[in-house]
Every structure is written in structure tokens, then in C-alpha cells.
1. Are there any pairs, at least 6 apart or on different chains, whose C-beta atoms fall under 7 Å, with the first in the stretch 324-351 and within 19 Å of Gly210 (Cα to Cα) and the second among the polar types (S, T, N, Q) and within 13 Å of the ligand (Cβ to nearest atom), and if so, which?
2. Looking only at the stretch 179-209, which residues are among the basic types (Lys, Arg) and either within 14 Å of the ligand (Cβ to nearest atom) or farther than 28 Å from Phe113 by Cα (or both)?
3. Do we have any residue at all in the stretch 91-109 that's touching a Phe, Trp or Tyr at 6+ places or on another chain (Cβ under 9 Å), of a type in the set (Ser, Thr, Tyr), more than 23 Å from Gly177 (Cβ to Cβ) and outside any loop (DSSP other than H, G, I, E, B)?
4. I'd like to check something: does the stretch 342-361 contain any residue that is within 11 Å of the ligand (Cβ to nearest atom), more than 28 Å from Thr71 (Cβ to Cβ), part of a strand (DSSP E or B) and touching a Gly at 6+ places or on another chain (Cβ under 9 Å)?
5. Condition (residue is modelled with pLDDT of 95 or more, touching an Asp or Glu at 6+ places or on another chain (Cβ under 8 Å) and either of a type in the set (Val, Ile, Thr) or not in a helix (DSSP H, G or I) (or both)) applied to the stretch 153-160: is it met by at least one residue?
6. Return yes when Gly339 is within 12 Å of the ligand (Cβ to nearest atom), surrounded by 14 or more Cβ atoms within 10 Å (Cβ to Cβ) and in a strand (DSSP E or B) and no when it is not.
7. Taking the stretch 310-335 as the region of interest, how many residues are surrounded by fewer than 18 Cβ atoms within 10 Å (Cβ to Cβ), in contact with a helix residue (DSSP H, G or I) (Cβ under 8 Å, 6 or more places away or on another chain) and either modelled with pLDDT under 95 or not in a loop (DSSP other than H, G, I, E, B) (or both)?
8. If we scan the stretch 371-389, do we find a residue that is within 10 Å of the ligand (Cβ to nearest atom) and surrounded by 15 or more Cβ atoms within 10 Å (Cβ to Cβ)?
Amino acid sequence: MATAAVVAGTALPAAGADAPTSGSANASTVPFYGEHQAGVVTPEQSRMVFATYDVTAPDAAGLGALLEGWTAAAARMTTGKELDGPGGDFAPPPDTGEALDLPSSRLTVTVGFGPSLFDDRFGLASKRPGALVDLRAFPGDQLDPTRSGGDLCIQACADDPQVAFHAVHDLTRLALGSATVRYLQVGFGPTAAAGPKSPSPRNLLGFRDGTDNLVSTDTGSMDRFVWVDDRTDQPWMHGGTYLVARRIRIHLEEWDRSTLGEQERTIGRTKATGAPLGGQREYDPVDLGAMAADGTFVVPYDAHIRVAAADTNHGAAILRRGYSFADGVDPTSGELDAGLFFICFQKDPANQFVPVQQRLALQDALTRFVLHTGSGIFACPPGVSPGKSWGQGLL
Ligand code: HEM
């Protein structure tokens with residue numbers, strides 16, 4: 001059962017110490033507690049702040065205290081409440097404050113544990129799931145170590161950029177002395193459709209993105225492809241999932257100079273409607289076998305949607321949930337440093353993301369327009385119930 005459903009217009013608690021810091025009638029809340037973490041099958045919010053952390057706490061007790069503090073803070077923030085705690089005139093305020101007047105804006109906070117957390121620092125080596133593989137470098141990767149890896153990740157998504165940033169800001173403040181930020185990525189423009197058959201949003205290529213994604217409300221396919229089941233080698237991951245993040249820069253200047261026909265053949269869909277080549281409407285079925293009069297495939301052999309499709313990857317499907325990014329100008333080339341912060345969720349990266357990305361790196365026509373500059377993989381534990389903390393089954 002997916003427990004991270006959105007409750008639009010959730011009634012606000014009565015005013016008082018625990019009242020949300022905004023009385024906006026537009027406040028809507030995604031439940032924090034549940035079998036699974038929120039922020040995976042939750043309909044994609046418009047903004048994201050993603051951060052990874054290196055843990056500096058000296059031992060497992062310190063790591064546990066950090067996760068306990070983070071869980072309690074995330075539970076409060078996702079309901080729009082400000083953080084409480086000791087304050088007064090001679091101490092910093094318990095909440096950084098920039099979201100005080102804002103509604104919860106469907107904030108979700110999702111945590112993940114990177115492979116490096118399972119080294120010898122916290123005695124967790126024997127708890128590392130087999131599915132938490134190290135991502136090898138794929139052909140063409142130019143990964144920046146300062147934008148890759150991390151012991152922990154936090155994905156904060158909300159419909160208000162300030163609410164998403166506030167969550168990461170306050171969690172970073174709470175981590176003082178226990179963890180330091182490794183990198184932070186701000187994202188906008190979701191790349192997953194709002195619902196089955198709704199028009200998909202457009203990415204920075206100008207194409208609709210998310211059409212043939214897994215449908216996150218389809219609990220059967222989420223159980224099959226996303227949520228870790230009881231066959232896991234690490235029972236603490238039952239109900240969790242694996243997050244793969246890739247910072248993919250798009251050479252927009254080169255893309256913008258290519259013809260419409262070339263762009264459409266690169267993706268395998270029409271730009272205006274998102275329909276597959278040979279189809280009329282966005283959700284028309286993709287016919288990968290269709291041949292043109294000249295004997296070539298209607299959806300070219302190297303089109304992104306052919307090379308990425310589950311049908312051509314032994315059924316490997318992933319739940320994509322990425323965001324566009326724009327990080328200014330590359331000082332060496334003068335080009336825009338913008339692209340897609342690709343995020344996907346799955347139960348077994350070695351048999352889902354990895355083989356698909358391996359093929360894309362070698363065969364995808366889109367490869368010439370993109371450069372992977374950051375990478376990370378994280379085990380996202382299951383959701384928690386009130387009084388419990390992230391990672392309790394682990395530590
Ligand atoms: C900058 C990088 C990327 C861009 C701009 C991009 C864009 C797109 C677009 C426009 C579509 C067609 C619409 C749709 O079905 O969603 C698509 C489909 C897809 N993409 Fe990507 N994508 C990128 C990277 C990736 C990566 C790294 C993967 C996985 C490793 C991936 C996996 C897929 C899959 C599975 C589909 C659906 C294919 C199908 O069954 O039709 N994409 N992408």
C-alpha cells in the first residue's frame with residue numbers, strides 16, 4: 001500500500017504551539033509517516049533541493065542521533081510547522097525562519113544512505129545491501145567528485161522553492177558537528193507527468209518528459225519495480241527503494257543549433273505534441289517495429305526512447321523523477337551550465353538503471369548533446385511511524 005498519497009487541502013490543526021506557521025487555505029500536506037518514504041511516488045512537486053552529506057560524527061551513536069533529529073525535524077516541517085527547541089535571547093532561534101509564513105506546499109523530505117556509509121566508521125559493513133552497488137563510470141562520463149557521492153542524501157521537494165530550501169537549510173544546521181554538506185543541487189521544472197495521461201511537463205530540450213514513465217499511482221508496478229520486498233538480503237530495507245541521481249549537463253547551444261527534424265529523431269518523439277514518431281498524440285503507443293518507405297525505422301535505431309525503453313532492455317523499468325537545473329555559466333566555455341538533474345527510483349539498480357545507462361552511453365543519439373557531471377546512489381530506507389527514526393532498523 002502506498003502511504004505517501006497527497007492529501008490536498010488537509011485541514012490545519014487548531015492554532016497553538018503546534019499550529020502550522022501559515023494559515024493559507026492553499027496549504028496542502030503530504031503525509032510524512034507511512035510504510036514508504038514520501039517523495040518517491042508522490043506526484044512530483046515543482047521544485048527540488050537535493051543535498052548530500054559526509055558524516056563527521058565519530059560513531060554509530062552520533063549517526064543515530066543525527067538521523068533521529070532529522071526525522072523529527074522533517075516530520076514537523078512537512079506539516080508546515082516551525083522547528084521548536086531551546087531559544088531565547090542568547091541562543092540562535094530554533095528555526096532558520098525563511099518558511100515561517102509559508103504553507104507546507106506539499107513538502108516531502110526523503111533520506112538515503114550512500115555506499116560510503118557502510119565502510120568501517122560506523123560498524124555497518126555487514127548491513128550493506130547487495131543492491132547498493134557502486135556505480136561504475138559509464139562511457140563518456142566526466143564526473144566531478146565534488147558533485148558525486150555522499151554518505152547521506154536529502155531530497156526535499158515542494159511547490160515553493162523557499163520551502164524546499166528551508167528544509168535542507170534547517171537539516172544542514174541540525175547536522176552541525178555531525179555531518180557537512182558535500183554538494184547541493186537546486187532543481188525546477190519537474191519531468192514527470194502530474195498523473196496518468198496528463199500532458200507531461202517540458203524539459204530544457206523543449207520536449208515533453210515523463211510520457212512513458214512508470215505510473216506512480218499503479219501500486220502493482222511500484223511493488224514490481226520500485227519498492228524493496230521481503231526477498232532483500234537486508235530486512236531493514238524492506239519497503240525502501242534505491243535512488244540514483246545523475247547531474248546531466250545538456251549542451252544547449254549545440255542542441256539549439258540542430259534542426260527540428262534532428263531533434264525529433266534524437267528523442268523519437270515530436271516536439272510540439274510529444275507524440276511518438278509515427279503517432280498523433282502524446283500517449284499513442286510507441287511502435288518500435290514500424291518501418292518508413294525508405295526501409296529505416298520510423299523511430300530511429302538510436303532514438304532515445306528506443307534505446308531507453310524497457311522493451312529493448314529486457315523489461316528493465318525505472319521510476320523517473322528528475323528536475324531541470326540552471327547553474328549559471330561555464331567559465332571555461334562561456335556556455336550555460338544547465339541540464340537535467342536526473343533522479344530515478346528502483347528496487348535493483350544493477351538490473352534497472354545500470355544496464356539502461358550503459359546502453360544509452362553507447363547507443364543513444366542524445367549522448368552527443370549531454371555530459372554526465374555528477375553521480376550518486378543511495379539506499380532510501382522504508383518510511384517511519386510516529387516515534388521512530390530513519391535508519392532505526394539499520395543502527
Ligand atoms: C539530459 C538527459 C535526458 C533527457 C533530456 C531525457 C529526455 C527524455 C525525453 C524527452 C523522453 C521522452 C518522453 C518520455 O517518455 O518521458 C525520455 C524518455 C525516457 N528516458 Fe530520458 N532523458 C535523459 C536521460 C535519461 C537517462 C539517464 C535515462 C536512464 C538511464 C533515461 C531514461 C528514459 C526512459 C526509460 C524513457 C522512456 C522510454 C520509453 O519507454 O519510451 N533518460 N527521456
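1. Hits for this filter: Ser324/Asn203; Leu340/Thr191; Leu340/Asn203; Leu340/Ser324; Gln346/Gln352.
2. Residues satisfying the conditions are Lys197, Arg202, Arg208.
3. Yes: one or more hits.
4. Within the stretch 342-361, not a single residue is within 11 Å of the ligand (Cβ to nearest atom), more than 28 Å from Thr71 (Cβ to Cβ), part of a strand (DSSP E or B) and touching a Gly at 6+ places or on another chain (Cβ under 9 Å).
5. Within the stretch 153-160, one or more residues are modelled with pLDDT of 95 or more, touching an Asp or Glu at 6+ places or on another chain (Cβ under 8 Å) and either of a type in the set (Val, Ile, Thr) or not in a helix (DSSP H, G or I) (or both).
6. For Gly339, the condition - within 12 Å of the ligand (Cβ to nearest atom), surrounded by 14 or more Cβ atoms within 10 Å (Cβ to Cβ) and in a strand (DSSP E or B) - is met.
7. Qualifying residue count for the region: 1.
8. yes
The values are calculated or read from the model by the stated rules, or taken from the named source; none is laboratory data. Everything numeric in this text was worked out from a predicted model, so none of it was measured. Please note: Cβ atoms are built from the backbone with ideal geometry, for glycine as well, and neighbour counts cover all protein chains shown.
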